[in-house]
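Below: the structure, in structure tokens.
The values are calculated or read from the model by the stated rules, or taken from the named source; none is laboratory data. Since this is a predicted model, take the numbers as computed values, not measurements. Here the Cβ is made from the backbone with ideal geometry for all residues, glycine too, and neighbour counts use every protein chain on show.
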Amino acid sequence: MEMASAKCWRTSRSRLNRVSAGAGLFCLTQQITACRVCTRIPASTGLPLHRHPNRTIMLRIYTSALCLALALVGTANAQDHGQQVKESQESGEHKMSTMAHGNEADQSAVRATVDALFSSMLASDADGVKSVFASNARLMTTGNREGKPFVQETPIDGFSNTVGQSAAGALDERIWNVMIHVNGNLATAWTPYALYHNGNFSHCGVNAMQLARMEDGWKIIQLTDTRQREECEIPASVSGVKR
């Protein structure tokens, strides 16, 4: 009986070591049940229970403690993740990157170029807008028109002229949750945005940018955006900003 009991527990533990972390608690419960069954003393043996107290009691204490520990760790991890998500959503740092790849210096330099574009728009600085684009850059918009998808290009010079002709503060494009990836001389930046014209909400969407490292710094080589007026999920920390 002792050999069968030990074999059962070794088999259960070996099986448990092979399961994934996500299924660990469930499998542990099943294997504990199996071990309790095979360590139970059959009534037909006629052996009194008090002759085997340590083996049964210690095994049950050990398995119960292990089960409780796994449950507590899982609960703690879930609570910690939930708290991090809540703090991220509630923080007013809507311009902070939520995801990044590449060394920190390159990430910061790419982010500076992205911010310079929208700062120049807000200041009605046409030259500032031109300065962040490469000479052969493209400005694209994609969406649906009359139920059909379309892609439309806007000349960089035409866009910068529109910015320069606007009153200072009229074009206020606000971004948040910027995701930046860098590999060598190539970078991408993805960010939701909301555009306010003369203080009034105009539309929202996503900016997808590709940037390249030039001799004079990171430049946008293509910017493609989407535009919509409905179903815009704009954080309160963004929509409530007054310029």
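Structural remarks
- Residue match in the range 207-219 (condition: touching an Asp or Glu at 6+ places or on another chain (Cβ under 8 Å) and within 15 Å of Ile175 (Cβ to Cβ)): yes
- Asn161 being part of a strand (DSSP E or B), of a type outside the set (Ser, Thr, Tyr) and farther than 30 Å from Gly102 by Cα: no
- For the range 220-239, a tally of residues being surrounded by fewer than 16 Cβ atoms within 10 Å (Cβ to Cβ) and closer than 16 Å to Glu173 by Cβ returns 5.
- Note on the range 46-156: enclosed helices (runs of 4 or more DSSP H) holding 1 or more residues that are surrounded by 10 or more Cβ atoms within 10 Å (Cβ to Cβ) and at pLDDT below 60 are 53-90.
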